[in-house]
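**Student:** First the structure, then my questions, so here it is.
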Amino acid sequence: MAVFPYPAFAMNRLVALEDNDGFTLGLGIVISIDRPARRIHLLTRVHSLAGVNAVRLGDVLVNPNTFQDERIVG
């Protein structure tokens, strides 16, 4: 699956799950990262990856417990 702008996953990072036309099908929060397996787990309302062709990384961290956001600096 394509990752934009580049695969720099971080815990609590907000991501958009996009279809082939670049439309967002849903949002997610990264809740675990398994780098050796090249796998992430998301907290999301999207029930299936069917139709999801890309993951777009956001510039915001979101606490999955409180949903408070924090801008990624750097």
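The numbers here are math on the coordinates, done by the rules we state, and not lab data. Treat the numbers as computed from the prediction; the structure is a model and nothing was measured. FYI the Cβ positions are ideal-geometry reconstructions off the backbone, even for glycines, and counts take in every protein chain you see.
**Student:** Express the relative contact order of the chain as a whole percentage, based on alpha carbon pairs under 8 Å and six or more residues apart in sequence. Each step should come with its number before you reach the end.
**Tutor:** Numbers: 149 pairs, mean separation 27.0, N = 74.
About 37 percent, as a whole number.
**Student:** As an exercise, find the ratio Rg/Rh for region 10-53 from alpha-carbon atoms, using the Kirkwood inverse-distance average for Rh.
**Tutor:** Ratio of gyration radius to Kirkwood radius: 0.98.
**Student:** Here is a follow-up. How big is D for the chain, in µm² s⁻¹ as a whole number, if Stokes-Einstein is applied with the Kirkwood radius of its Cα pairs at 4 °C and 1.567 mPa s?
**Tutor:** D = 103 µm²/s.
**Student:** Turning to a different aspect of this structure: When Lys and Arg each count +1 and Asp and Glu each count -1, what net charge do the other residues less than 12 Å away from Ala16, Cβ to Cβ, add up to?
**Tutor:** -1
**Student:** While we're here: Taking only Cα atoms and a 10 Å spring cutoff, compute GNM fluctuations for the chain and point out the largest among Val46, Val15, Val30.
**Tutor:** The residue with the greatest mean-square fluctuation here is Val46.
**Student:** Let me ask something else about it. Local charge sum around Asp59 (other residues, Cβ-Cβ under 13 Å, Lys/Arg +1, Asp/Glu -1)?
**Tutor:** With Lys, Arg at +1 and Asp, Glu at -1, the net is +1.
**Student:** Can I ask one more? For Leu42, list long-range residues whose amide hydrogen, built 1.01 Å from N in the peptide plane, is under 5 Å from its own amide hydrogen.
**Tutor:** Here Ile31 satisfy the definition.
**Student:** In the Gaussian network model of the chain, springs joining C-alpha atoms below 10 Å, which of Asp19, Asp34, Asp59 carries the largest mean-square fluctuation?
**Tutor:** Asp34
**Student:** Where does the charge balance sit around Ile31 when Lys and Arg score +1, Asp and Glu -1, over other residues with C-beta under 13 Å from its C-beta?
**Tutor:** +1
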